[in-house]
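To start, the structure itself, in structure tokens.
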Amino acid sequence: MFTFVLRRALQTVPVVLGVTLATFLLSQIIPGDPTDVLLGPGASDEARERLRTALGLDRSMVVQYLYYLGNLAQGDFGQSFTFARPVIEVLADRMANTALLAFAAIALASAAGIAAGTWAAVRPGSLRDRGLTVGVLFLNSMPSFWLGLVLILIFGLHLRLLPVSGMSSGDGGPLNLMAHMLLPTVTLAAWSLAAIARMTRSSLLEVINSDYVRTARSRGVGEARIVLFHALPNAMPAVITVIGMQMGFLLSGAVLTETVFSWPGIGLAMYQAISTRDIPLIQGGILVLALAFVAINFAVDVLYAYFNPKIKLA
Amino acid sequence: MNAIPTRRSEPSRPVLEVENLRVSYGSAQRPIHVVNDVSFSVRPGEALGIVGESGCGKSQTMLAVLRLLSGSGRITAGRARFEGQDLAALSARQMRRIRGHGLALISQDALSALNPSMRIGAQMAEPLVRYDGMSRGDARKRCIELLEMVGIPGAATRLAAYPHELSGGMRQRVLIAMAISGNPKLLIADEPTTALDVTIQAQILRLIDRLRRELGMALVLITHDLGVVAGVSDTIAVMYAGRVVETAETDRLFETPRHPYTRALLDSIPKLDAPADRRLQPIAGLPPDPLRPLSGCPFHPRCSHAEPRCTDGLPALEAKEPGSGHLIRCVIDPWRAAAAGGRTSGLTGASRP
Amino acid sequence: MTTTRNAMPQAGDEGIVVDGLKVQFPIRSGVFRRQTGIVRAVDGVSFDIPAGTTVGLVGESGSGKTTTGRALLGLAPVSGGGVRIFGESQAELAARPGALPRTCQLVFQDPFASLNPRMTVGAALSEVLAVHGLAGREERARRVQTLLDGVGLRPEMADRHPVELSGGQRQRVAIARALAVEPRFIVLDEVVSALDVSIQGQILNLLIDLQRERGLTYLFITHDLGVVRYVSQRIVVMYGGKVMETAPRDRLFSVPHHPYTHALLSAVPLPDPKAERARARLDVRSEPPDPAAPPPGCRFQRSCPFATDLCRSEEPPLRPVAADHLAACHHMERPEVRQALTTATQGVSA
């Protein structure tokens, strides 16, 4: 298992390099002269030249990329114009908020999705099974910003039960934070919940009809144990893959949800950065999201191997 | 392990009685019958072979007994009794108790019959710890003992293995060890050797036979190959298209097979002593589709002895010589004369050296 | 009846010649997948298949029989020795695009796994014709019908999907697909093992008829000596990557010399309760040797009741016992071994 984890970790190295190359090239292909942005259109040619030399923009692309990598390694992601702070600081604050929202959403989606999928799969064709299918279709066909707005209307404006914007109000505190989190979490989780429930159901149905489940039944093992200890673990690899993919979607879905709920996360920052053409912040945001994606995939593969002993040999 | 005297020294109550069993799939309005009017009984320690081609209902019969039919499969007529109790009338809890302790199952493909993500020891011990109240330590000892009984060397180290780490023969042995872990009264082995090499097949068959004798279990051995049951079973039931077409004690059945289908099955086996240049004698065609049942004897389209009257209605399963225990479902009975002139001694039971 | 591309073989035509074939796979392990060992799946195997005949290659899982068959078709790496196919080296054939698959074909044990479940039988067959450029669009449907007819399937089968077919019918489709390119040599790997005994004969008889009609050359791979007897002129017995014994069919069954052949013979179930109870057996008790670390000496030593120190130190060479009959055993002439093998064949071979 250790060798497998190490080998899989090494495989992420080229991917990470590829991502940095892509964000580096992003700054190269975006039209416009960076000195325009930094010095304003009225600056003298001499001042521009000095700044180019200072920023290393007169060197070859390869050298510039190596400098870029070197800066990244030291945590230097550049300076955000909009926030007038280093990108890394902006992102670090925001990342925590986004991570909080994303993990809450994936936890909700996984727990509710696996539970709902299992609940439907143990009685295939029953009323509850058909109910789940309809529910999945319903959740899948609702855009998240629309669902967010509907929730705001119902719970925020109509029932006045929950806050609809930001992370805290008044004196704050954990309960206050949770109240603020509730609607964005549900909004963000809805789509993933449906996908996870559907995959759990189909994967579990296949496993429940397998020979080894019949073996366990033939030895007098009870249905609840069979579902929880024989069927679910073998259905998990497919479900974990879907959860991993959903984590990626959640990170991108966060842009919309955070904007709707004014949640101060990376998504909202990216939205602002894009509106103001804050290139270093866009670069940094993409890089962080991409690295998060790589990390999630790595975690999924390790979990996959844990549930499927055959993988470790391969 | 103490050997329990097993042979039927006195008439005893059957462990399993199956009476006019019918198994159906599909809706109640348009049922598809895959098992029809099947009856047999198995006494303690006795071995019954159920033989027939794929789709003849042999596995469905035994899955119905275990109440492990999948999908819409259900018993629609007749009954199955285990030690006198009607299995269909038991609660789910009572049925679970009988599975494992009363009835045990060995399936064909051990790789898919073992949970791929559980270690061997964990799978084996599960019912022992959960339902039989054994401590983990005792269960572990018992598992090692079971693995040794089925001839797995280095049993203690195998407990930590996953199924895919074992060879096909080993996996089948593990499955057998699991089946006997609850000291069942009746072992149901569904094609236990079909997926294995011939050399391993022979060993697994003799292992099942030996355990049956040592543990005093009754056995139902399901197979498509009459050669496989020859050395193991006391009695044989040959099934075709969901029905028993011939049943007799093993020696008698092999000496004087009476149903054309049984003959055809025997002729189809590649033999080591037949002239090699002779062609094999497979059974032509295919068994009937259960969706389109035939009128009359279901075997008549493939039967070389068929006459027009074979389509007139389903022949009854009957003893042509009263008291012989040799029942056939055929109106023609082409080998009647040969059987009458043959031996009659096989009726007293299969006592073996 | 189709006309075949290839003329019927003449006596003396060179068929398949396997000379000292070795197939080895590297074992890689650790973080950097460095090679840490070598699996000798096939370790110096030689035999000939005269054109138009069948050799039965018999052994159990791990004997290297399947790998041998795949190596002949260029589907496993040949690490040593040579393979000649109808007078040409395998390398020469492989160098000409398409030549190897058009000469040699493979049929597997499980046709269900090798047939695309979404394709009709007709589509699967016509795809092969299209891939090899063997028939124009219009001609394909007709050729598909000819192929189906050749394997005893009714024309309407062309519209069926694999799930709608019985095991025997699927195997017929797999054979038709192999025949589509009009090969001269077919490797048949456990083609009847998954079928009911009652219909195994249908497939075996079909294969024999096809061979007679078209002069095909077969390598028939199986674990079952009972089946191989009906189709082969010659039998090669493999164990642990090596040939244990090879002889003409009738000789192998009447005077087997290797204890492993004895074990295989005594494992075939007899459809006769009395003979079955009475017969003497030789069990293959232990698992086949680890092909990554075979023991010194004879590969069969751990399962052999006659093994001595000699067997544990020195590998027995494959040596002649009679004309055209070779076996690899130090002790095959010893009286007790001969005695045991003679009893084994009593009631077994006529």
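Being touching a Ser or Thr at 6+ places or on another chain (Cβ under 8 Å), in a helix (DSSP H, G or I), free of Cβ contacts under 8 Å to residues at least 24 places away in the same chain and closer than 26 Å to A:Gln246 by Cβ holds for only one residue in A:Leu188, A:Leu177, and it is A:Leu177.
Being free of Cβ contacts under 8 Å to residues at least 40 places away in the same chain and more than 7 Å from chain A (Cβ to nearest Cβ) is the filter here, so list the residues in the stretch B:101-129 that pass it. If you could, list the steps in order and put the result at the bottom.
Keep residues of the stretch B:101-129 that are free of Cβ contacts under 8 Å to residues at least 40 places away in the same chain, which gives B:112, B:121-122, B:125-126, B:129.
Hits for the stretch B:101-129 are B:Gly121, B:Ala122, B:Ala125, B:Val129.
Annotation: C:Ala7 fulfils all but one of (1) modelled with pLDDT under 90; (2) in the same structural domain as C:Leu210 (by TED's automatic domain parsing); (3) among the hydrophobic types (A, V, I, L, M, F, W, C); the unmet one is (2). Checked across the stretch A:179-196, the condition of being within 16 Å of A:Val122 (Cα to Cα) and either surrounded by fewer than 23 Cβ atoms within 10 Å (Cβ to Cβ) or within 14 Å of chain B (Cβ to nearest Cβ) (or both) holds for no residue.
Summed over the stretch C:11-67, the residues that are of a type in the set (D, E, K, R) and at positive phi give a count of 1.
Among the listed residues C:Ala94, C:Ala158, C:Ala124, which satisfies the condition of being of a type in the set (Gly, Ala, Ser) and assigned by TED's automatic domain parsing to the domain that holds C:Leu195?
Values: C:Ala158 fails: assigned by TED's automatic domain parsing to the domain that holds C:Leu195; C:Ala124 fails: assigned by TED's automatic domain parsing to the domain that holds C:Leu195.
None of the others qualify; the one that does is C:Ala94.
Restricted to helices (runs of 4 or more DSSP H) entirely inside the stretch C:201-318, those with at least 1 residues that are within 11 Å of chain B (Cβ to nearest Cβ) and of a type outside the set (Gly, Ala, Ser) are C:225-228, C:249-254, C:259-267, C:273-278.
Taken over the stretch C:255-295, the criterion of being farther than 30 Å from B:Ile236 by Cα and either of a type in the set (A, V, I, L, M) or at pLDDT below 90 (or both) is satisfied by C:Val255, C:Ser286, C:Glu287, C:Pro288, C:Pro289, C:Asp290, C:Pro291, C:Ala292, C:Ala293, C:Pro294, C:Pro295. Filtered by the rule that a residue be assigned to a helix (DSSP H, G or I), in contact with a Ser or Thr (Cβ under 9 Å, 6 or more places away or on another chain) and without any contact (Cβ under 8 Å) to a residue 12 or more places away in the chain, the stretch A:50-100 gives a lone residue, A:Glu89.
For the stretch B:287-324, the tally of residues that are under 27 Å from the mean Cα position of the chain (by Cα) and modelled with pLDDT of 90 or more stands at 14. With the structure loaded, tell me whether B:Ile204 is β-branched (Val, Ile, Thr) and either surrounded by fewer than 21 Cβ atoms within 10 Å (Cβ to Cβ) or outside the structural domain of B:Ala337 (by TED's automatic domain parsing) (or both) or whether it fails that test. Judged against the criteria, B:Ile204 is a match. Counting only helices (runs of 4 or more DSSP H) that fall entirely inside the stretch B:23-125 and contain at least 1 residues that are under 23 Å from B:Gly168 (Cβ atoms), the qualifying elements are B:58-66, B:110-113.
Within the set B:Arg136, B:Arg142, the sole residue that is more than 8 Å from chain A (Cβ to nearest Cβ), farther than 22 Å from B:Ser59 by Cβ and crowded, with 16+ Cβ neighbours inside 10 Å turns out to be B:Arg142.
The residues of the stretch B:248-261 that are in contact (Cβ under 8 Å) with a residue 40 or more places away in the chain and within 11 Å of another protein chain (Cβ to nearest Cβ), listed by number, are B:Glu249, B:Thr250, B:Asp251, B:Arg252, B:Leu253, B:Glu255, B:Pro257, B:Tyr261. Being in contact with a Leu (Cβ under 9 Å, 6 or more places away or on another chain), away from chain B (no Cβ under 13 Å) and closer than 15 Å to A:Phe307 by Cα is a property that A:Gly265 lacks. No other residue among A:Ser144, A:Ser110 is buried (at least 19 other Cβ atoms within 10 Å of the Cβ) and at pLDDT 85 or above apart from A:Ser110.
Examine the stretch B:191-207 for a residue that is closer than 30 Å to C:Asp224 by Cβ, assigned to a helix (DSSP H, G or I), within 14 Å of chain A (Cβ to nearest Cβ) and within 25 Å of the chain's Cα centre (by Cα), and state whether such a residue exists. Give the steps one after another, and end with the answer.
Quick first cut of the stretch B:191-207, residues closer than 30 Å to C:Asp224 by Cβ only: B:191-207.
From what is left, the residues that are assigned to a helix (DSSP H, G or I) are B:198-207.
Filter once more, so that each one left must be within 14 Å of chain A (Cβ to nearest Cβ): none.
So far as the stretch B:191-207 goes, no, none of its residues is closer than 30 Å to C:Asp224 by Cβ, assigned to a helix (DSSP H, G or I), within 14 Å of chain A (Cβ to nearest Cβ) and within 25 Å of the chain's Cα centre (by Cα).
Of all positions in the stretch A:182-197, none carries a residue that is in the same structural domain as A:Ile154 (by TED's automatic domain parsing), more than 18 Å from A:Ser144 (Cα to Cα) and of a type outside the set (A, V, I, L, M, F, W, C). A count restricted to the stretch B:74-100 and to residues that are under 15 Å from B:Arg13 (Cβ atoms) and within 12 Å of another protein chain (Cβ to nearest Cβ) stands at 0. May I ask you to verify whether B:Gly168 is within 11 Å of another protein chain (Cβ to nearest Cβ) and over 18 Å from B:Met217 (Cβ atoms)? Yes: the conditions hold for B:Gly168. Among the candidates B:Arg130, B:Arg119, the residue that is over 25 Å from B:Ala218 (Cα atoms) and buried (at least 17 other Cβ atoms within 10 Å of the Cβ) is uniquely B:Arg119.
The values are calculated or read from the model by the stated rules, or taken from the named source; none is laboratory data. Everything numeric in this text was worked out from a predicted model, so none of it was measured. As a convention, Cβ positions derive from the backbone with ideal geometry for all residues, glycine included, and neighbour counts pool all protein chains shown.
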